[in-house]
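The values are calculated or read from the model by the stated rules, or taken from the named source; none is laboratory data. Given the structure is predicted, the values throughout are model-derived calculations rather than measurements. As a convention, Cβ positions derive from the backbone with ideal geometry for all residues, glycine included, and neighbour counts pool all protein chains shown.
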Amino acid sequence: MPHEEFLIIDGYNVINAWPELIKLKEKNFEHARLKLLQIISNYSGYKGIQVIVVFDAHLVRGGVERRECYGNVEVIYSAEGIPADLVIEKLVSTFCVGSRIFVATSDKTEQEMILGKGAYRISSRELLLEVEETVRDNKIFHKENQYRPYRLDSHLTDEVKVILEKWRRGK
């Protein structure tokens, strides 16, 4: 559909750039991937944009391309020997003219390629700052607009309250 916004993320590039995910991947690479997807799924929901995260076949022999969904995020795992950059390049080429496509990667060669195809680049660090700002803004919004229960009689005039109280007491 034209005029939609898409964010395509080079998954491993982001994992290797965000301090929280770097620490997590040192203990368990799969947990770092899942944490990234959790963060990005929330971000996608806050911003209302479609997000695709691409992971290349990192040391996976015989791996075939597969796609899955994590919340509202599409996740693509490339086939063996196919770098995420190539998958991202093909994705950028398939979107409709008029769509705004952002690609999150700090890979300079990839940034030049996506700029040449008309997409916007955002570095992994810039994406982290954007996600953090969005989470902060969302917390402030919810704090300011949290549900405030009110009593039914809070909208009644004093005169009506007196009448209702008399009825309640049977007078």
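A few comments on the model shown:
- Candidate set from the stretch 34-48 (those that are free of Cβ contacts under 8 Å to residues at least 60 places away in the same chain and closer than 20 Å to Ser123 by Cβ); member that is surrounded by the most Cβ atoms within 10 Å (Cβ to Cβ): Leu36
- Among (1) within 21 Å of Ser93 (Cα to Cα); (2) buried (at least 19 other Cβ atoms within 10 Å of the Cβ); (3) charged (D, E, K, R), the one test that Glu4 misses: (2)
- Close pairs from the stretch 83-99: first free of Cβ contacts under 8 Å to residues at least 40 places away in the same chain and over 13 Å from Gly118 (Cβ atoms), partner buried (at least 17 other Cβ atoms within 10 Å of the Cβ) and acidic (Asp, Glu), Cβ under 7 Å, at least 6 apart: Pro83/Asp56
- Which numbered condition Gly118 fails, given (1) at positive phi; (2) modelled with pLDDT of 90 or more: (2)
- Criterion (part of a helix (DSSP H, G or I), in contact with a helix residue (DSSP H, G or I) (Cβ under 8 Å, 6 or more places away or on another chain) and under 28 Å from Asn138 (Cβ atoms)) met by exactly one of Lys35, Lys23: Lys35
- Residue match in the stretch 88-98 (condition: of a type outside the set (D, E, K, R) and at pLDDT 95 or above): no
- Any chance His142 is modelled with pLDDT under 90 and under 26 Å from Ile22 (Cα atoms): no
- Qualifying residues in the stretch 145-171 (those that are within 51 Å of the chain's Cα centre (by Cα) and surrounded by 10 or more Cβ atoms within 10 Å (Cβ to Cβ)) - the one modelled with the lowest pLDDT: Asp153
- Scanning the stretch 1-33 for residues that are touching a residue at least 60 places away in the same chain (Cβ under 8 Å) and among the β-branched types (Val, Ile, Thr) turns up Ile8, Ile9, Val14.
- Residue match in the stretch 113-135 (condition: among the polar types (S, T, N, Q), under 19 Å from Ala17 (Cα atoms) and touching a Phe, Trp or Tyr at 6+ places or on another chain (Cβ under 6 Å)): yes
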